[in-house]
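Peer 1: Can you read through this structure? Questions will come right after.
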Amino acid sequence: MKVVREIILGGAITALFAGVVLTALKWQPETATFPLLIGVAGLGLAVWGVVGDVLRWRSAAVEGDGPSGEDTARARAAFLWIAVFFALVLLIGFRWGLPLAVLAYYRLEARVGWVVTVSAAVVCAAFLHVAVVYLYLPLYSGVLFQP
């Protein structure tokens, strides 16, 4: 039954991205570019995931009794990191929250070296800096830094 739940979730995500694409098609090209880019990519990945789940479901003989303890711990850790990301963005904004979340994740969860960790955070910060300064994209500034 686990695969069936994944197919249902994948179908819902597919419908969400299809709605994004259909909605963005009605907008002006300048406004629709980013939502279409993300929507088409997400739609493609969602369809790919659903097709993979359907093929796995068709070929699976018998499923296990449920997730193992390791799978449950990994799922909890993933949701915790998602919560950390949203908390950082909510408090200090997207421009600083994303690089800090990347820094914390790579160092504490992925346990990679400091060079890779700091490099990934700097790349994220540089990308967001370019988006703000050169592309004039306003990013959420956070609760603590409201003007």
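Peer 1: Can you tell me which residues in the range 130-144 are in a loop (DSSP other than H, G, I, E, B) and of a type in the set (Gly, Ala, Ser)?
Peer 2: Keep residues of the range 130-144 that are in a loop (DSSP other than H, G, I, E, B), which gives 134-144.
Within the range 130-144, 141, 142 qualify.
Peer 1: For the range 82-91, state whether one or more residues are more than 27 Å from residue 145 (Cα to Cα), part of a helix (DSSP H, G or I) and of a type in the set (A, V, I, L, M, F, W, C).
Peer 2: no
Peer 1: When you look at residue 111, is it modelled with pLDDT of 85 or more, under 30 Å from residue 145 (Cα atoms) and either in contact with a strand residue (DSSP E or B) (Cβ under 7 Å, 6 or more places away or on another chain) or charged (D, E, K, R) (or both), yes or no?
Peer 2: Considered against the rule, which asks whether it is modelled with pLDDT of 85 or more, under 30 Å from residue 145 (Cα atoms) and either in contact with a strand residue (DSSP E or B) (Cβ under 7 Å, 6 or more places away or on another chain) or charged (D, E, K, R) (or both), residue 111 comes out as no.
Peer 1: Right, next: What are the residue pairs meeting all of these: first residue in the range 35-57, first residue outside the structural domain of residue 5 (by TED's automatic domain parsing) and assigned to a helix (DSSP H, G or I), second residue among the basic types (Lys, Arg) and surrounded by fewer than 16 Cβ atoms within 10 Å (Cβ to Cβ), Cβ atoms under 8 Å, and 6 or more apart or on different chains?
Peer 2: Within 8 Å, no pair qualifies.
Peer 1: I've got another one for you. Condition first: touching a residue at least 40 places away in the same chain (Cβ under 8 Å) and of a type in the set (Asp, Glu). Now tell me which residues in the range 90-124 satisfy that.
Peer 2: Across the range 90-124, there are no qualifying residues.
Peer 1: Among residues belonging to the range 11-34 that are part of a helix (DSSP H, G or I) and among the aromatic types (Phe, Trp, Tyr), point out the one that is surrounded by the fewest Cβ atoms within 10 Å (Cβ to Cβ).
Peer 2: 34
Peer 1: Looking at the structure I just gave you, is residue 100 at pLDDT 90 or above, farther than 20 Å from residue 6 by Cα and not assigned by TED's automatic domain parsing to the domain that holds residue 8?
Peer 2: Values: at pLDDT 90 or above: yes; farther than 20 Å from residue 6 by Cα: yes; not assigned by TED's automatic domain parsing to the domain that holds residue 8: yes.
In short, yes.
Peer 1: Moving on. Over 30 Å from residue 5 (Cα atoms) and free of Cβ contacts under 8 Å to residues at least 24 places away in the same chain, is that true of residue 140?
Peer 2: No: the conditions fail for residue 140.
Peer 1: Within the range 77-89, which residues are touching a residue at least 40 places away in the same chain (Cβ under 8 Å) and within 18 Å of residue 117 (Cα to Cα)?
Peer 2: none
The values are calculated or read from the model by the stated rules, or taken from the named source; none is laboratory data. In this text, all values refer to a predicted model and were calculated from it rather than measured experimentally. With ideal geometry, Cβ positions are generated from the backbone for all residues, glycine too; neighbour counts draw on all protein chains shown.
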